[in-house]
Each structure stands twice: as structure tokens, then as C-alpha cells.
Amino acid sequence: MLTRYKLLLSNTLARYFPRTAAYLEAEKHAAAERAKAVAKKPLVKKKAAAAKPGVKGAGASKGKGEPATKKPVRRASAGIYSAAAIKVTAAQEQAMRETVARAVAAGIIGAPSDEQWAMILCRQPLTRIFAGAGSGKSTTLVLRVVFMLCHLNVEPQRLTVISFTNASCAELRERLTSVLGFWQSPVDAQAVRQCVRTFHSAMGVLAREVLGNPVWFEQLGDKQASASEPDNPLAGGRLGPAQTRLLKDAYQACYADDPAFRGWVHELLGSQPPDPQKALPKAPMQPFRLPGELHAAPLFEVFYGQAGFIESIGIRIEQMAVAALACSPAERTFLLALQAFWKAFAQQLSQQGLMTFNGAFQQLTQRLDEGDGRLDAERLASFSHLLIDEFQDVSPQIVQWLQAVHRRLAGTATAVSLMAIGDDWQSIYGWRGSSPELFMAFDRHFPSKGKGKSAVLMLQANYRSVEPVIRAAESILGEVAFKQDKATVAIRSAPPGSHGVKLVTPFDLARDLSALHSEITAQCDYARSIDSRERTAVLLLGRRNDTLKDIQAGLDRKLPVKAYTIHRAKGLQAEVAIIVDDCLPTTPHPLRNALYAYCGFFANSYDQAMADESLRLGYVAVTRGVSRVLWFVRKPQGATRALS
């Protein structure tokens, strides 16, 4: 009876206090290693530790190379944004509504809904908008920018719209230029190009002016990369030859010059260190697999991959107190070796006039916080009014940079505003350090002055998918531990023959490839039979490019079919979505759990975040389909379990 009562109480707390429940779950994971070595403490002390994670216990036993140190604590900064509403006259609002009506009549745009009008005309300087899949947020964002430029008379030099990739920026610029043309605005295509950027492109403008116009490490060997408009590396590929060579050189140099690093390397690889009486050999290149990672790779590649994650979650590698992390001795050895390698890598970059994107964000944030005179209000003017799309996929490092930019501007009495548009249900880049928690705990990171808080708006109408598809997609999210409750409304009527998600199981690609090809062809026939207006009849989705290429190889190239990884398919749609992946969560990653707890930004553990993300990935895949979704799986598991 007592056990049943505890279970009921636990489930109730998890339902009504998800942040608290997720936090306690994270603490349980982070404390696992400590529990092996530390005697059980009284309940009162456990509660104190939960209230201030990492202040006591994480560094109780000294680690290698340094004394026990307290982990960083992230406190809410002083208020940045005015609590007063933006002044909008009745005449300005009326002029906007009348011009929108003419644009609708001319076929330039669709008529905005009431919830879209709320976003377009919003008067709060700090606004958070939960925009669900298919909610028409792109057109609404364009109209918000038009309202600011054409009716509120915001100068284009004082406004920046952030979109996720160069491709999405190009699409947004095209839409905005077209609509501004109807408004007969003097803001031309060149001005629009300056207004709409990726985070990395926006940062690059400051880097050119303040950091000596560095060459980007991430762009080495990429002939198509634009130095003036660097793309979001989340959309990029693997390391190229030039990047691999530089990392390898840093690894070899560190191995040759640092005896402690040599010892850590051989400890990690489980090999004998070199004989000190003989000539020093080259650094070992055998593959190393960090627990939690799927594949083994040379150590320098593993260091680089984990360093990118560490910096993305707001940790300065050179300042990281390794002894304060609740991790195993082997993981502590790995981090100490990584710190030594990263110092050698930084030296290699400096000698060649190179810089990483993460390094630039760090330097600019630090200089802003320290009051660098070159980063004055005039140089930062374009960031005065920020509209940021896909905010659910920002990382702590980006949050730190945004805070520093707007804090500096606000300190010069410059009027600043921030409109963040996102959907926690579609956050799928946690493996690179992003998290929907930053969007959901928005006011903690972007505080208003006084007792003001951000305005919260919801775009809940779905203009893309029919109701059975939407409800099936939402059912996948039932087990997500940390999410914003929303009530999606289906607007599109269902054509004959439409359906929600149909599972095709058991499915084996090698055995059933021919049957899959036949099904894809049949779905193209279905789209044609209902006179589908979608540009793409079938969207083929998976997590691995190799799988998609194998499927495409046997298809008629004339078929209206496109194939994308699920991550690349965000923002796309087709009459039929066909999914060929289980969307299973990743394996447990103890080091990243420790880093998550250490950085101070998250309530979840990394493992819980990845379990949630695997379900959100399934949601994103399903909501690409308009009237049908077919999901081919070996067996119902992971994201498909709720659909079986």
C-alpha cells in the first residue's frame, strides 16, 4: 500500500511540477558516482544540495590536477528590458490593418488570424511566442518586421532578424522584400540582406570589426563557404581534411611538449607510455570511444567534438574546474587531457590567424561584459531590436552573447526589444548543446526591469496537416518530461483517403526495399489523384543520409519525391511523409550528464534531454506530412511506441 501511495504521489508531482521532477531526476543521475564513494547523508542535507546543486558534494573529493572547486552558479542578471509597452498609436495600427487587407486582396499574403495579429501588433519589448508546426509563423514574422519598419518607423539599421541557416535566411529575405515592395517601402533588397542573418553571420559582423577579421576554422577547405555570411554549423558536415590536419598537428605538438598530457593519453587508451630512455614516438592514433558516443575516433577528433559541446553549453574550457564535476576518474582524466589539448589547439589557431565560431562568441561576450570601448552603442545598433526565429534551438553560449549585447545597449539608454519565436516541441539539436529549457525559462535569462515579465503569445492553429496527423504527432510527446502544454487546432480539411500515421512493421530495409519503392510510387499516385497542391508529393525522412541514398538509388528520378534527414526537413512539408527510422534515444552519456549539471543552465540531465529529444524528433518527422504519414520500423519502439 505504501509503495502504491509513493508511486501515485511521484506521478502527481511529475505531472504538476515537471520542472521540479526533471530537476530531481537530473540530480539523481549526477549523484550516482558520488553515492559510490560518499556515505549516505541525512535527508536535510540532501534537500540543501538539491536547492544549490554542485555547491557541496560535487567537489568534495579532490580530483586530479587541482583542488576541489565550486561549480559556476547561474544567477538571473539585472533587468534589461523595459516593462513599459511600446508606443503604438491607433492610427499606426489602423494603417497596418488596411494595408494588410489590400495585400490579401492582391494575393500577396494570406489573411492573418487573430492570434497572428497579436504577434504582428505586439506592444511588449520582450515577447515569447510559442509557434507550433504549420502555424504560419514565417509570414507572421514578415508582417511583424513590416509593421516595425513601415509603421513604427524603426530604422532598418537598428533591427536584426535571426533565422536558423543561410537557406532559411534567403527564403525569409525573399518574402520580406516582396511584401515591402507592396508597401512601397524605401527599404530595398540590400537593406533586407543586412537585416536578416544567422547568429553566426550577425556575430561575424562584430568579429570583423573587433576581433581582427579572423578566418573561420569551420570554413577551412570549404570553397562554397562565405566569409561574410558564415552559416550555422549545425547544418554543416563533418571535419574536412584541412581541419583534421590542424587538429592532428595540435595533438602531436601537445603530446611532444606536455608530459602530463602524454600520461593522460596512454591512460585513456590503456596503452604503455613510451620508454623515457628512447626517442619520443609520435602520438598514438588508435581509435578511442567515449562512453555515450556511438563511434570510436582518434583522440583529437573526440576532444574536438566534446569541446564544441562544452563551449556550446556556456563553459569556458580553460576555466573549467574539473574536480568540481560529478564524474568518474576516467572521465576526469579525459577532461584534463582535453584542457591541455585545447590550449595547444588555441595556439595553432592563433599562429595561423584562425578562430572558431565558439571562440569568437566567447571573446565578444567577454569583451562586452568587460566594457570594451570598441563595442559601443553605435557598433551594436543593429542589434537594438531583435526578432529571433527557432529560439528553441539556441544554446547557453548564444544566450550569454545575447544577454551581453542587450545589457550593453540598455546601459547606454538605448531602447531594446527582443521577440523570440520558437516551439519547444520541435527542439532537436540538444546533441550540440541547444535546449528548449532556455526558451521555457526565458524570463530567467532575459529579465525585464522591475517586476515585468515577457509577454507570452501562442500560435496554435495548424494550417499544414489534417487532424489525424496532428493528433498522432502529439501522442508521441506524451512521455516528454519537460514541455509546454499547447492545444493545436487543425485548420486544413481532410481529403478523401487521408489518414494519420500508419506503422509498417516489421520492416527491414535490405529485405523490404523493393516493397518500399512500390509504396513510395503508390503515394505519389495518391497525391496526384487528389490534385495535391504541394510542390512535393512524398517527403522521405530518416536520420542517416546513407539510408536515404540507398532508397533513392532505386527510385524513378521523375517521381515528385525528396529525401532529407529529419533535422534538415524542419520547415518543409509534403502531401505524404514516409519515415524510415525508429527515432530511438541515444545511449547514456555519463560525462555529458556531469557537464549538464555543472554548467548551471539545465534542470534536466543530458540523458533525459536526449530521451525527450528522440520523441520530439518523431514529432517533427510526422508533422512534415499534410494528409498521410507512413512510418516503416522494425518494431514499435522509441517514438513509435505510442502509435502502436
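The values are calculated or read from the model by the stated rules, or taken from the named source; none is laboratory data. What you see is a predicted model; the values in this text were computed from it and never measured. When we count neighbours, we look across all protein chains shown, and the Cβ atoms used for this are built from the backbone with ideal geometry, even at glycine. Please note that ligands, DNA and RNA were not included when accessible areas were found on the heavy atoms of the full protein model with its side chains. Shrake-Rupley method; radii C 1.70, N 1.55, O 1.52, S 1.80 Å.
Exactly one of these conditions fails for LYS453: (1) open to solvent by less than 10 Å² (accessible area, probe 1.4 Å); (2) under 15 Å from GLN124 (Cβ atoms); (3) more than 23 Å from the chain's Cα centre (by Cα). Give me its number.
The failed condition is (1).
If only one of GLY373, GLY314, GLY292 is touching a helix residue (DSSP H, G or I) at 6+ places or on another chain (Cβ under 7 Å), assigned to a loop (DSSP other than H, G, I, E, B) and over 18 Å from HIS200 (Cβ atoms), which one is it?
Unique residue meeting the criteria: GLY292.
A quick yes/no check of all residues on (1) among the hydroxyl-bearing types (Ser, Thr, Tyr); (2) within 22 Å of HIS589 (Cα to Cα); (3) more than 32 Å from the chain's Cα centre (by Cα):
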| site | (1), (2), (3) |
| --- | --- |
| GLY263 | no, no, yes |
| SER271 | yes, no, yes |
| PRO284 | no, no, yes |
| GLY308 | no, yes, no |
| ILE315 | no, yes, no |
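If you check every pair at least six apart or on different chains, which have Cβ atoms under 8 Å apart with a residue in segment 192-204 that is under 14 Å from THR356 (Cβ atoms) first and a residue that is of a type in the set (Ser, Thr, Tyr) second?
Pairs that qualify, where the first residue is under 14 Å from THR356 (Cβ atoms) and the partner is of a type in the set (Ser, Thr, Tyr), are GLY204/SER228.
Mind listing just one residue for me: the one in segment 275-324 that is in contact (Cβ under 8 Å) with a residue 40 or more places away in the chain and open to solvent by 20 Å² or more (accessible area, probe 1.4 Å) and, of those, nearest to GLN400 (Cα to Cα)?
ARG316
Please indicate, with yes or no, whether at least one residue in segment 363-383 is under 25 Å from LEU143 (Cβ atoms), in contact (Cβ under 8 Å) with a residue 60 or more places away in the chain and open to solvent by 30 Å² or more (accessible area, probe 1.4 Å).
Yes, some residue in segment 363-383 is under 25 Å from LEU143 (Cβ atoms), in contact (Cβ under 8 Å) with a residue 60 or more places away in the chain and open to solvent by 30 Å² or more (accessible area, probe 1.4 Å).
Considering each residue of segment 473-484, count those that are open to solvent by 30 Å² or more (accessible area, probe 1.4 Å) and within 20 Å of the chain's Cα centre (by Cα), and give that number.
Selection size over segment 473-484: 3.
From the list GLN460, GLN426, which one is closer than 28 Å to GLY497 by Cα, touching a strand residue (DSSP E or B) at 6+ places or on another chain (Cβ under 8 Å) and modelled with pLDDT of 95 or more?
After applying the criteria, what remains is GLN460.
Would you confirm, using the coordinates I've provided, whether TYR526 is among the aromatic types (Phe, Trp, Tyr) and in contact with a Gly (Cβ under 7 Å, 6 or more places away or on another chain)?
The answer is yes for TYR526.
So which residues in segment 387-424 are open to solvent by less than 10 Å² (accessible area, probe 1.4 Å), without any contact (Cβ under 8 Å) to a residue 60 or more places away in the chain, more than 26 Å from GLY132 (Cα to Cα) and not β-branched (Val, Ile, Thr), if there are any at all?
ALA404, LEU409
Please work out if GLN347 is farther than 30 Å from GLN426 by Cβ and either touching a residue at least 24 places away in the same chain (Cβ under 8 Å) or open to solvent by less than 10 Å² (accessible area, probe 1.4 Å) (or both).
Answer is yes for this residue.
Taking the condition of being assigned to a loop (DSSP other than H, G, I, E, B) and either among the acidic types (Asp, Glu) or within 20 Å of GLY554 (Cα to Cα) (or both), how many residues in segment 512-544 meet it?
Residues flagged as assigned to a loop (DSSP other than H, G, I, E, B) and either among the acidic types (Asp, Glu) or within 20 Å of GLY554 (Cα to Cα) (or both) within segment 512-544 amount to 6.
If I ask for residues that are touching a helix residue (DSSP H, G or I) at 6+ places or on another chain (Cβ under 7 Å), in a loop (DSSP other than H, G, I, E, B) and over 18 Å from SER384 (Cβ atoms), which ones from segment 401-455 would you list?
Within segment 401-455, ASP423, SER427, ILE428, TYR429, GLY433, SER434, SER435, PRO436, LYS453 meet the criteria.
Being in contact (Cβ under 8 Å) with a residue 40 or more places away in the chain, open to solvent by 20 Å² or more (accessible area, probe 1.4 Å), of a type outside the set (A, V, I, L, M, F, W, C) and out of contact with any Lys or Arg (no Cβ under 6 Å at 6 or more places or on another chain) is the filter here; which residues of segment 560-589 pass it?
HIS567, ARG568, LYS570, GLY571, PRO585, THR586, THR587, PRO588
So ALA340 fits all but one of (1) surrounded by fewer than 20 Cβ atoms within 10 Å (Cβ to Cβ); (2) under 19 Å from ALA250 (Cα atoms); (3) of a type in the set (A, V, I, L, M, F, W, C); what number is the exception?
Answer for ALA340: the failing condition is (1).
Where residues in segment 86-105 are assigned to a loop (DSSP other than H, G, I, E, B) and open to solvent by less than 60 Å² (accessible area, probe 1.4 Å), which of them is nearest to HIS151 (Cα to Cα)?
Filtering first and then ranking leaves VAL88.
Looking at (1) open to solvent by 80 Å² or more (accessible area, probe 1.4 Å); (2) over 20 Å from CYS327 (Cα atoms); (3) in contact (Cβ under 8 Å) with a residue 60 or more places away in the chain; (4) not aliphatic (A, V, I, L, M), find the lone condition where GLU267 falls short.
(2)
If the Cβ limit is 6 Å and pairs must be 6+ apart or interchain, which residue in segment 440-466 that is touching a residue at least 24 places away in the same chain (Cβ under 8 Å) and among the β-branched types (Val, Ile, Thr) pairs with which residue that is open to solvent by less than 40 Å² (accessible area, probe 1.4 Å) and in a strand (DSSP E or B)?
The qualifying pairs are VAL456/ARG128; VAL466/SER627.
Taking only pairs six or more apart or across chains, which ones have beta-carbon atoms under 8 Å, a first residue in segment 531-552 that is free of Cβ contacts under 8 Å to residues at least 40 places away in the same chain and within 24 Å of GLY638 (Cα to Cα), and a second residue that is open to solvent by less than 90 Å² (accessible area, probe 1.4 Å) and among the aromatic types (Phe, Trp, Tyr)?
Here the result reads LEU548/TYR564, each pair linking segment 531-552 to a residue that is open to solvent by less than 90 Å² (accessible area, probe 1.4 Å) and among the aromatic types (Phe, Trp, Tyr).
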